Amino acid sequence: MQTTPIIALWLLMSLAPMPAALAQATSPTDKAVRSALELAGGKLDQQPADGPAPEAVVAEIQSKRAAAENELNEIKSPQALRKGAPAGATDAQVMERRSLLQQLVQIYEQHLDALRNLGQMRQRAQDAEREEKEWDGFPAEPPYSVLKVDELRDAARSMALTAEGVQTRLSMTESLAESTQRNLKASQERVRRLSERLEGMQDPAKLEALTWDRDLAQLRERVEAARAGMLEADKKPIQEEVTEARHRMALLTRQLNMAEQQAAFSQQDYDKIRKRIDADHEALTEELERAVAEQATQRQAVAAGEAKLVAANGGDSAGKRADSRPTSERMRRLTESVEVKRLQFDNANLQVDLLRQMLNGLDQERHIWELRFATAQGHVTLAEEREASSKLASAAKQIHGRKEYGLQQLSTAGNQISDVEKRLEETSSPATTQYLHDMLRVYRHREDLYRRMLQRTDSLLGLMENRQAEFAQREQDRSIVARMKEWGGAAGVLLGNAWHVELFTAEDTIEVEGKSITGRRSVTVGKVVTAIAILVAGYWFAGIMARFAERQAIARLQIDPNVANIIRQWALACFFLLLVIITLMSVKIPITAFAFLGGALAIGVGFGTQNLLKNVISGLLLLMERPLRVGDVIEVDNIRGMVTTIGLRSSTIRDVNGVETLIPNSNLLERNLTNWTYSSYRKRYSLRIAVATGSDARRVKEKLCDLAGQHGQILKDPEPYVLFEDFSEHALVFILHYWIEIGPGIDPAAVASDLRFMIENTFAEEKIVRK
């Protein structure tokens, strides 16, 4: 029979288990302990205050369960599956009805279980609350053993995981309850719609089908309503578990705080720990020796099995037996035997590796206990303890990585075991059964190895967390004044050490008692910082003085501002070079410290700065020869504009569009340069005009001269004049020549444009046709 996706969804929901406590896979920190306590405490206020479920509620649920069981029994057998169903009902619908009834019975069972568990969980919560209130201290007198403190820390971490798991169960149940309520509303709405459709239905066949759909929808509604009631009942014992976890967590926190405040690490405890570690180390060493011997044995077994397999392959190929069935069976058994031996050899290698890791972990455990004992005896400084804490944190990260790998391998081994068990259920051959049993033993042995390694890893991580918690507690108990003093001292020591860090050494001649001695001077961070500070301050002061001198030279000595600017830049460059030499001498950094700039690097710097030096020298030549000045209109490299600045390395030209272009000084000397204002600012421009043939040439000339004279920016001396350039059968061509004085506010293109507008208007008025 084919089931629809809806039926498949219902079947899936019926098989889904209720939320359970989360598995404890990792070890939390003390911060997680406190957060779990707060989380449990926060949810406690939301618990209902009603008492255990009354007997009437239990009786009602039992009655509903019995009714559902009776309905299910009536259609449980294949022959009665269609009982009560119309002839047009599909197999999927009748299957859905049975599935819904099965779900209904299971939900009522879960509801009854929740009601039965509520009283027990409430009693446990009350016992935990009473224990918390009645506890007033440990029976033994302080100080308390560090081993006792570690036990309390471990118990607190375990309880934190339990509280977190219970809280997760409660959140999942609440979320599922909300989803069920939405499904219930949807089911009720569908039942109402179907009932309304039934009211006006007259056709018997359709009435029967619609009644079946309505009954099925009502059954869905019953399931959702039962599930909603069950989830509400299930929340109450979980809330009691949250209450119990909160009280037990609070009790453990009080006990841990008291034990930490008065903890002691005695020599007796340390001797007991060393004795245990030595015994474990000896046992692991002996086990490792046996594992290495077993590894060699398994290696020989694999080699022997592979040799038999190769020999069998060769014999079968040479004999060419007629009947290949016994041969193939024998080859299969040999192949399976070799495969099992290889897996056993892999297990032997894995066991050796894991035992070595355990021994390393045991050495780490010994080191941690030695550190904790030395710290308790006051033999470890705060700086040493912090360094050890940092190393432990780094080691813990690596161990967590190994743990994750171990968990993955453990999961892989579990999957392999499941696959082999499934194959065992499906096989009937005795030989294959024996082979699979051997494989199963190998994989289970591998699973045991990883499980043992993970237990050791969890123990080591717990010890590390206890030590880090112990260190954090000591850090927390220190006063603010002590911390500030420590921070200040540490900062001073750090700066002092950094100040005297030697970057490199340089050879220098030192004069001692009138004798020159060649030695080496160290160049430290302090010397470099001091030199940079002197250079920055000196250059800043020199820049201020140079600008002041520049202003005074322009105002009092009447020096050209461009010349004064060049002199200021050269003076600053020379002063900076002098300042560098004085700075190096003041901080006792020899000039030979920069000898590394010689050789190939100096050649590279020379090639890189040749253009710079060429432009600087060109700037000096421009200053002395003065082929151009600020304000001149020049044209170079197809760029035409006014010179705005002449610098030490480059000059700036602004064109008619306001765009400023930096041109290297060497280009101004090496390229063809046109200075439009070198000797005079007066320049002649021309405008070409063509008129129709037959126009009065003299009248055209007079009008053009008059128009040029009317423009305010065209010079009267020399006056504008017109030349009759050419004539043809189509046009008479004239050229108007005029002079303007180039300046910042005069644009020759704008003057030409004005003339064209004036000529256009005048020619139109005078009926002169322009070509």
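The values are calculated or read from the model by the stated rules, or taken from the named source; none is laboratory data. If you're wondering where the values come from, they're calculated on a predicted model, not measured in any experiment. Don't worry about glycine lacking a Cβ; one is built from the backbone with ideal geometry, like all the others, and counts go over all protein chains shown. Just the protein is used for accessible areas: all its heavy atoms, side chains included, with ligands, DNA and RNA removed. Shrake-Rupley method; radii C 1.70, N 1.55, O 1.52, S 1.80 Å.
Per-residue answers, yes or no, for (1) touching a Gly at 6+ places or on another chain (Cβ under 6 Å); (2) over 22 Å from THR645 (Cβ atoms); (3) open to solvent by 80 Å² or more (accessible area, probe 1.4 Å); (4) touching a residue at least 40 places away in the same chain (Cβ under 8 Å):
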site	(1), (2), (3), (4)
LEU535	no, yes, no, yes
TRP540	no, yes, yes, no
GLY543	no, no, no, no
ARG547	no, no, yes, no
GLN552	no, no, no, no
ARG556	no, yes, yes, no
ILE559	no, no, no, no
ILE567	no, no, yes, no
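Only one of the numbered conditions (1) within 12 Å of ALA114 (Cα to Cα); (2) within 39 Å of the chain's Cα centre (by Cα); (3) among the charged types (D, E, K, R) is violated by GLU244, and that is (1). The residue that is most open to solvent (accessible area, probe 1.4 Å), counting only those in region 304-342 that are closer than 23 Å to THR433 by Cα and at pLDDT below 55, is ARG325. Any residue that is over 36 Å from the mean Cα position of the chain (by Cα) and farther than 30 Å from GLN267 by Cβ - is there at least one of those in region 153-166? Among the residues of region 153-166, not one is over 36 Å from the mean Cα position of the chain (by Cα) and farther than 30 Å from GLN267 by Cβ, which makes the answer no. Of the set (1) within 17 Å of ALA692 (Cβ to Cβ); (2) part of a helix (DSSP H, G or I); (3) touching a strand residue (DSSP E or B) at 6+ places or on another chain (Cβ under 7 Å), all apply to ALA752 but (1).
Kindly evaluate SER187 against the criterion of being open to solvent by less than 60 Å² (accessible area, probe 1.4 Å), more than 23 Å from LEU118 (Cα to Cα) and touching an Asp or Glu at 6+ places or on another chain (Cβ under 9 Å). So SER187 fits the description; yes.
Comparison of ILE742, ILE735, ILE746 shows that the only residue that is in contact (Cβ under 8 Å) with a residue 60 or more places away in the chain and among the β-branched types (Val, Ile, Thr) is ILE742. Among the residues of region 131-165, write down those that are of a type outside the set (Gly, Ala, Ser), open to solvent by less than 50 Å² (accessible area, probe 1.4 Å) and in a loop (DSSP other than H, G, I, E, B). Correct list: TRP135, PHE138. Restricting region 660-687 to residues that are open to solvent by 60 Å² or more (accessible area, probe 1.4 Å) and in contact with a Leu (Cβ under 8 Å, 6 or more places away or on another chain), the residue that is modelled with the lowest pLDDT is TYR678. Identify, please: which residue in region 622-659 is part of a helix (DSSP H, G or I) and under 15 Å from ASN675 (Cβ atoms) and is, among those, most open to solvent (accessible area, probe 1.4 Å)? Once the filter is applied, the top-ranked residue is GLU625. From ARG192, ARG169, grab the single residue that is part of a helix (DSSP H, G or I) and more than 36 Å from the chain's Cα centre (by Cα). It is ARG192. Pairs are defined by a Cβ separation below 9 Å, a sequence spacing of at least 6 or placement on different chains, a first member in region 441-464 that is touching a residue at least 12 places away in the same chain (Cβ under 8 Å), and a second member that is open to solvent by 10 Å² or more (accessible area, probe 1.4 Å) and outside any helix (DSSP H, G or I); the pairs so defined are ASP458/THR26; ASP458/SER27; LEU461/THR26; LEU461/SER27; GLY462/SER27. Once region 190-206 is narrowed to residues that are surrounded by 12 or more Cβ atoms within 10 Å (Cβ to Cβ) and farther than 23 Å from LEU100 by Cβ, the residue that is modelled with the highest pLDDT is LYS206. Here GLY119 clears all of (1) within 18 Å of GLU260 (Cα to Cα); (2) open to solvent by 30 Å² or more (accessible area, probe 1.4 Å) except the condition numbered (1).
For GLU38, the conditions (1) within 28 Å of MET172 (Cβ to Cβ); (2) modelled with pLDDT of 50 or more; (3) among the acidic types (Asp, Glu) are fulfilled apart from (2). Within region 720-738, the set of residues being at pLDDT below 90 and either under 30 Å from VAL643 (Cβ atoms) or among the acidic types (Asp, Glu) (or both) comprises GLU725, ASP726, GLU729. Tally the residues that are open to solvent by 20 Å² or more (accessible area, probe 1.4 Å) and touching a residue at least 12 places away in the same chain (Cβ under 8 Å), restricting the search to region 88-104. Qualifying residue count, region 88-104: 7. Of note, MET249 does not satisfy the criterion of being farther than 27 Å from ILE61 by Cα, surrounded by fewer than 19 Cβ atoms within 10 Å (Cβ to Cβ) and either within 45 Å of the chain's Cα centre (by Cα) or of a type in the set (Phe, Trp, Tyr) (or both).
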